[in-house]
Amino acid sequence: VKSNSFAAKTIRHSLSEPISIHAVTTEHETRISTGITELDRVLGGGMVRGSLVLVSGEPGIGKSTLLLQACSGLCLSGPVLYVTGEESLSQIKMRAQRLSIDDERLFIFAETELDRVWSAIDKTSPGVVIVDSIQTMFDPQIASTPGSVTQVRECTMALMQFAKTR
């Protein structure tokens with residue numbers, strides 16, 4: 001087999017080895033209900049701890065409203081941090097009032113800088129973090145503008161690593 005520099009660059013050393021699917025053991029994953037039956041069904045019974053879920057769709061179709069409604073059910077399992085990069089705290093509060101969402105375990109935070117989001121997570125110790133939206137988040141250590149492919153990718157990866165480790 002002929003080697004090329006691209007293949008050599010993409011090979012990463014790993015401590016794990018490929019194994020047969022028959023050798024993999026599974027544990028029952030505890031799921032956290034969103035309180036929205038159809039959303040829980042789409043998620044296979046609710047949110048899995050350590051997972052990252054992307055809710056996507058055209059502007060104005062109700063993603064933020066759906067996520068805020070999900071907060072109501074998610075708060076039953078513990079604190080939830082809702083990070084908004086697009087709306088003010090008062091806008092979130094007005095929507096919550098309209099939806100009859102009033103739970104002291106729901107924390108809202110208007111921020112776009114990822115380092116400040118980490119600080120808010122440390123202060124609130126949430127079981128669930130909702131970021132609305134990932135396109136508004138930025139890491140000041142990355143030399144590109146918020147919303148760029150690089151920022152979205154890097155912020156998403158950082159949040160995914162956080163979810164898997166904590």
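The values are calculated or read from the model by the stated rules, or taken from the named source; none is laboratory data. None of the values given here were measured: they were computed from a predicted structure. Using ideal geometry, Cβ is built from the backbone for each residue, glycine included, and neighbour counts are taken over all protein chains shown. When the accessible area is computed, the model is the full protein with side chains, heavy atoms only, and any ligands, DNA or RNA have been set aside. Shrake-Rupley method; radii C 1.70, N 1.55, O 1.52, S 1.80 Å.
Shown for the chain: lysine pairs separated by 8 or more places, or found on different chains, whose C-alpha atoms are under 25 Å apart, numbering 4. Estimated at 0.36 nm per residue, the fully extended path between V42 and S56 surpasses their Cα-Cα distance by 3.7 nm.
Each part reduced to its alpha carbon centroid, segment 88-166 and segment 20-83 end up 16 Å apart. Note on K63 and D103: the model spin-label points, each 7 Å out from Cα along the C-beta direction, lie 2.2 nm apart.
According to the calculation over all Cα-Cα pairs in segment 35-93, the P(r) per 10 Å bin from zero is 18, 56, 26, 1 %. Most simply put, the chain has about 15% antiparallel DSSP beta bridges, counting only bridges with both residues inside it.
Were the residues from H28 through T145 laid out at 0.36 nm apart, the gain over their Cα-Cα distance would be 38.0 nm. Applying 0.36 nm per residue to the separation of Q135 and M157 and subtracting their alpha-carbon distance, the gain on full extension is 6.6 nm.
Rolling a 1.4 Å sphere over the protein heavy atoms, what is the accessible area per residue of segment 39-166, to the nearest Å²?
Using a 1.4 Å probe on heavy atoms only, each residue of segment 39-166 averages 57 Å².
Helix 89-98 and the long axis of the chain differ in direction by around 70°, with both axes built from C-alpha atoms.
A simple spin-label model places the labels of W118 and K93 3.0 nm from each other, with each point 7 Å out along Cα-to-Cβ. Grouping the Cα pair distances of the chain into 5 Å bins from zero gives a pair-distance distribution of 1, 7, 14, 17, 18, 14, 9, 8, 5, 3, 2, 0, 0 percent in increasing distance order. Each 5 Å bin, from zero up to the one with the longest distance, holds this percent of the alpha carbon pairs of segment 126-166: 5, 26, 30, 21, 13, 5, 0. With angles folded into 0 to 90 degrees, how steeply does helix 149-165 sit against the dominant principal axis of the chain? Use alpha carbons for both and round to 10. Once rounded, the angle reads 90 degrees. Expressed as a whole percent, the accessible area of the chain that falls on carbon and sulfur atoms is 54 (1.4 Å probe).
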